[in-house]
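Everything below concerns the one structure shown next.
The values are calculated or read from the model by the stated rules, or taken from the named source; none is laboratory data. Bear in mind the structure is a predicted one, so any value in this text is a computation, not a measurement. Heads up, the Cβs are rebuilt from the backbone with ideal geometry, glycines too, and the neighbour counts pull from every protein chain shown. Calculation scope for accessible area: heavy atoms of the full protein, side chains included, ligands and nucleic acids excluded. Shrake-Rupley method; radii C 1.70, N 1.55, O 1.52, S 1.80 Å.
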Amino acid sequence: MDVDIPRDLDPEVRQELVAREKAYCRELQESGEWVHIWRCVGQYANISVFDVADNEALHALLWRLPLFPYLRIEVTPLARHPSDLAAA
Ligand SMILES: O=C(O)CC1=CCC(=O)O1
């Protein structure tokens with residue numbers, strides 16, 4: 001996810017959006033759906049791993065992100081690798 005919040009957005013609106021994003025992210029981490037979130041070094045971007053039932057569930061989750069209007073999201077579906085010891 002690349003975050004691109006317009007520079008001229010009201011600072012209070014920006015602060016509120018970021019706080020809501022953080023709360024939603026925390027909620028989904030606690031439910032186990034948002035498994036990892038990593039900062040991309042030197043960028044206002046993250047790489048996240050989600051564990052959801054299907055594409056529709058992921059779409060709904062992403063659509064509800066408070067920052068959604070300001071995100072560029074690239075989705076890469078992942079499957080377990082047969083050589084992953086954790087899958088055995
Ligand atoms: O800061 C970001 O990368 C955007 C974001 C996603 C969840 C969160 O708390 O911030």
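Worth pointing out:
- Scan of segment 1-20 for residues that are in a helix (DSSP H, G or I) and either open to solvent by less than 80 Å² (accessible area, probe 1.4 Å) or polar (S, T, N, Q) (or both), ordered by number: VAL13, GLN15, LEU17, VAL18, ALA19
- If you go through segment 70-88 and keep only what is within 16 Å of the ligand (Cβ to nearest atom) and open to solvent by 100 Å² or more (accessible area, probe 1.4 Å), you end up with ARG72, GLU74.
- For segment 36-61, taking the residues that are polar (S, T, N, Q) and within 13 Å of MET1 (Cα to Cα), the one that is most open to solvent (accessible area, probe 1.4 Å) is identified as GLN43.
- Residues (of a type in the set (Val, Ile, Thr) and closer than 11 Å to LEU65 by Cβ) located in segment 1-34: VAL3
- Screening ALA23, ALA60 for residues that are part of a helix (DSSP H, G or I), near the ligand (Cβ under 9 Å from one of its atoms), modelled with pLDDT of 95 or more and among the hydrophobic types (A, V, I, L, M, F, W, C) leaves exactly one candidate, ALA23.
- Odd one out for LEU65 among (1) within 14 Å of the ligand (Cβ to nearest atom); (2) in a loop (DSSP other than H, G, I, E, B); (3) surrounded by fewer than 12 Cβ atoms within 10 Å (Cβ to Cβ): (3)
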